[in-house]
């Protein structure tokens, strides 16, 4: 049977069993209530019958007591009992056989806190059978007749007697003898017997009737109790059967499948799958797992092949990057010579026009080749992930002004209008990669300038939600829809009429990758003969204006201030040159030093120290033979004496895990190699609580004077080529204007390291 049908059957059976349990329990509860009602009826009926008997006895007792004592209290109680029985006074809530026995003391009055209802009415409400009710009424009638004798006796005590009409109108002397005779006469006792006789018959009839009802109710309760037990047992058996069926048909197979899937998740495909003996959904699932196992085996094989292919691709890409880097270096050197000497020949020799034209061709071809090399190398670095975005604070308005200065002049040469629009809320000081942003803007605006012969070029800039948005619009030749996706792909060029294809087709590809690295996107809208619109965005952070105030003066440390005694510093390193560097630096500032070329020697010096020669601080190299720095630090920290000496760990491993490891071992701080003087001095100030004396010096630039003395046209030319990041033209200008070798080398180093902003700052000073 399929699991679905089996579950439906089990559900129906369990539901029916639960309903049966509920029905039987309900019947049992009703039988119990019926039994309880029988007992209650028996009890209440007996109370009423007993009240009739007790009230008659109370009346007799009170009348006789009054006749003997003449105490009006008993007469009052007598009247109260009659009034309560007749419903003239409220019935006490606790009205039992001993109620009046507690009220015989003088001054105590009964608490009448119930409702007014005659005893006859209570008997009617008790639903007695008519035969039983008649017996009670007969007894009460006889009791009422007895009260006449009691009234006569009590009036005789007061000297009041009946006239011939039976009314108590005659007053005379009290007749105590008559009163006592009346209360103890044969007539009185006969009436008393007539009261009790119907009550006795009532008790017998009532007992037989209620006993039968109790027996019937008990029998019903017992029957329902049996039914409840039987149906509960059957339900438990059914539930256990359902549980074992689920255990056998679902839980056990699922557990086996779980084990199989866990093993498959660890790529263990040798696991055996136990077949299901039932033709149900679990069997289908096991079959599916079998198929999954087969697919997993295929996937593992495919992943292995893919891993090999990815490793081959990685190696190939790495080899490509190495090749491009080497080729770039190998090609740049002769190209520099070709371009340089071509320019020299052009100026120095008396060449014919044809020769000059040939030199121009050499120069332009060389520049074109150099640009190709630079673009290929740039894209290769991007693909290899070797180009990182280096955000820093800069004046955004100043960058916009630079872009405006460059392209205003170039657009003017082609009779084009160039406009920059920026919103009023555009931040002035931001944090972003200014070099890459400049490169992006120059690439896009240069592309528009290249393909626009009339009209205008427009640059719109606005900011929103920590993003800068740029729109580069032109009235150029445009790009058709089918070619718009191509232009952002490497080495893709769109063939255009009347335009010579130049370059590698990498400019826009590089631009797109740089924008992506800066957290932005770029897209294009263009129509043939109507122009193109490039839209792009980048992420940025707002910078503090205070950071762009006057450049701070550099401070140079000249000596230690207010040092009360000479500090002793232990330098531990197994390489002599490393120790000498730190020792000489510390000696310059007046510190006493001890040297150790191993961890063992450091421990020996540590243990030999005394009150007169205490070690104040330790520089500890981590990687040493025999006993390394970590173990040495741990041993020092275990020593009881001087265990609080500051220890500065030295290491060329600068990963965060290495820092955590040395701190955990007991080092106070971490100093990466190669060490710098300022870092060492800051740590000495921190842990030895010393102060330094400073000499403030304004920052000097040895190149400023030389730049100021150069011809006026040099700086604008150089500034323009720097903005375009045209390295070859920059080097040509350096040679053309005979800059000193020192300044030439400085500028070459800046452009080789892509530090164009630093070079721009130098030119502004």
Fewest-first ordering of 511, 80, 521 by Cβ atoms within 10 Å yields 521, 80, 511
Could you estimate the translational diffusion coefficient of segment 42-228 from the Stokes-Einstein equation, with Rh from the Kirkwood formula over C-alpha pairs, at 10 °C and 1.306 mPa s, in whole µm²/s?
86
Protection proxy ranking of 83-91, 168-176 - average other beta-carbon atoms within 10 Å, highest first
83-91, 168-176
Taking Cα atoms of segment 704-764, Rg/Rh with Kirkwood Rh, to two decimals?
0.90
For segment 388-547, state what percent of all Cα-Cα pairs lands in each successive 10 Å bin, counting from 0 Å until the bin that includes the largest distance.
10, 40, 35, 13, 2, 0
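FYI, it's all coordinate maths here, none of it is from the lab. This is a predicted model, so every value here is computed, not measured. So basically every Cβ, Gly included, is an ideal-geometry build from the backbone, and we count neighbours across all protein chains shown.
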